Amino acid sequence: MKIKTSHRKIIFLSIILFYLILPTAAMANSAPIIQPGRNGAIIPIHDIPIVVKEEKLQFVLHEAYKPADVVVQYTFLNPTDKPIDAYLAFPYTPAAPDSVPRVFINGVELPKSSIEINKEDRELDRFLEAFNSAAVVHVDPVTGKHLDDWKGYDTIDNSDIATFKVPFPASQETSLRIQYQQDFGTDKKDYIQPIRLYQYLLQPASAWKEFHHLQISIAVPKNHYFASDLSMKEVHGDSIDWLSLPEDVKENEEKWDYFQGEFEALPKGNLAFSTMNKKDLLFGLVKKDDYDLLGFLFLGVVATAANIGMALLISRIKKWWMHWLLGPVLSFIVTNTITFLTYALFINLVTLAINGELLGGYGFIITFLLFIFYNAVIYFPTLGIILLIKKWRNLRKKSLDVTT
């Protein structure tokens, strides 16, 4: 997948507002109409009189590589005595290339024919620039700190922009709900398990005249690390008023952990959170470097034990040519075979079965070459020490026999 520059690495989920006054006689003095054409330019307007009374944002995450279920619901108020129509643009990263979000206005679903999909990459950059959201935040799910050296990929290259018209009756509230499945970005650089990154662009909501309350709820599969750059606390699942829950969560609510944040005003930054599976981690190690070091040390112990075993066997044969000519060859073949099988079976295949990818050592070629050299060198001092010990024991035994 092609990776764009870091300012593109945001999973856009937030609504950006575009203003359209109804072309009626009563609205003759209204602002100019700005209505996006199909795949045309979309320009944000910041002087809309509509108020956001409440926004509920809900993520339901899943195991494996299943996309997240996302629901966002707005309660709007038009405080004026005139009806207003507004075009809303919703940037999102679809789980499938041609998927279209479901949009409900006051509980009535819009037909897909009423939703335009803009696929122009340059519009995403314009959104970021318009709302000062170019800065990217990547959160470490283990430490909770920001990751400054994110080396993974995001799915922003597949982002689309859904645009649709919403009517706001005079002096009335309007409910808007958007549902879709969202993919995630990943980073496998430092940890054995991949980090899954989710971001939500909050700042475009500053286009509304007022923003009063934001509630964020996130369901995370159990045995996962979780961290967010906004303040979130763990709560009971039944304390959340879920807008929509997938069937697998409804039937097994105890298999998820739940986090929630309440904000009485729009936060200064955007939402970023990440997760990482902590099940099946060998000895609880999370970092690849720690596991690599453990695997390397384990191979060293195995290789040393194999060399000692071969030296003991060969030392039993009382032939100098077996000790110093044929012995090194046999030992080299046997110890390297044992080392290779140990590396393949215990260091890599076990983690392949557990974590789904090959790990261990410092790369197959480097690790095995190091142990080939180690096994070639260690045989001679090992055999020499064993022969010296045997010679010393024989001399001691003779000495004891003489004294008795």
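Before we move on, is residue 153 touching a residue at least 24 places away in the same chain (Cβ under 8 Å) and surrounded by fewer than 21 Cβ atoms within 10 Å (Cβ to Cβ)? Lay out the reasoning, then the answer.
Values: touching a residue at least 24 places away in the same chain (Cβ under 8 Å): yes; surrounded by fewer than 21 Cβ atoms within 10 Å (Cβ to Cβ): yes.
Considered against the rule, which asks whether it is touching a residue at least 24 places away in the same chain (Cβ under 8 Å) and surrounded by fewer than 21 Cβ atoms within 10 Å (Cβ to Cβ), residue 153 comes out as yes.
Check residue 312 against each of (1) modelled with pLDDT under 90; (2) over 30 Å from residue 231 (Cα atoms); (3) loosely packed, with under 14 Cβ neighbours inside 10 Å and name the one condition it does not meet.
The number of the failed condition is (1).
Would you call residue 318 loosely packed, with under 15 Cβ neighbours inside 10 Å, at pLDDT 80 or above, closer than 30 Å to residue 232 by Cβ and not small (Gly, Ala, Ser)?
On the way: loosely packed, with under 15 Cβ neighbours inside 10 Å: yes; at pLDDT 80 or above: yes; closer than 30 Å to residue 232 by Cβ: no; not small (Gly, Ala, Ser): yes.
In short, no.
Considering every residue within region 224-231, establish whether at least one is more than 18 Å from residue 195 (Cβ to Cβ) and at pLDDT 90 or above.
Step one: filter region 224-231 for residues more than 18 Å from residue 195 (Cβ to Cβ), giving 231.
Filter again for at pLDDT 90 or above, leaving 231.
Yes; the residues of region 224-231 include at least one that is more than 18 Å from residue 195 (Cβ to Cβ) and at pLDDT 90 or above.
I need a count of the residues in region 263-309 that are crowded, with 16+ Cβ neighbours inside 10 Å, in a helix (DSSP H, G or I) and either within 19 Å of the chain's Cα centre (by Cα) or at positive phi (or both).
1
Need a quick list: strands (runs of 3 or more DSSP E) entirely within region 132-247 having at least 1 residues that are touching a strand residue (DSSP E or B) at 6+ places or on another chain (Cβ under 9 Å) and farther than 27 Å from residue 88 by Cα.
Here the list reads 185-187, 195-200, 214-221, 224-228, 233-235.
The values are calculated or read from the model by the stated rules, or taken from the named source; none is laboratory data. Please read these numbers as outputs of a predicted model, since none were measured by experiment. All Cβ positions, even for glycine, are placed from backbone atoms using ideal geometry, and neighbour counts span all protein chains on display.
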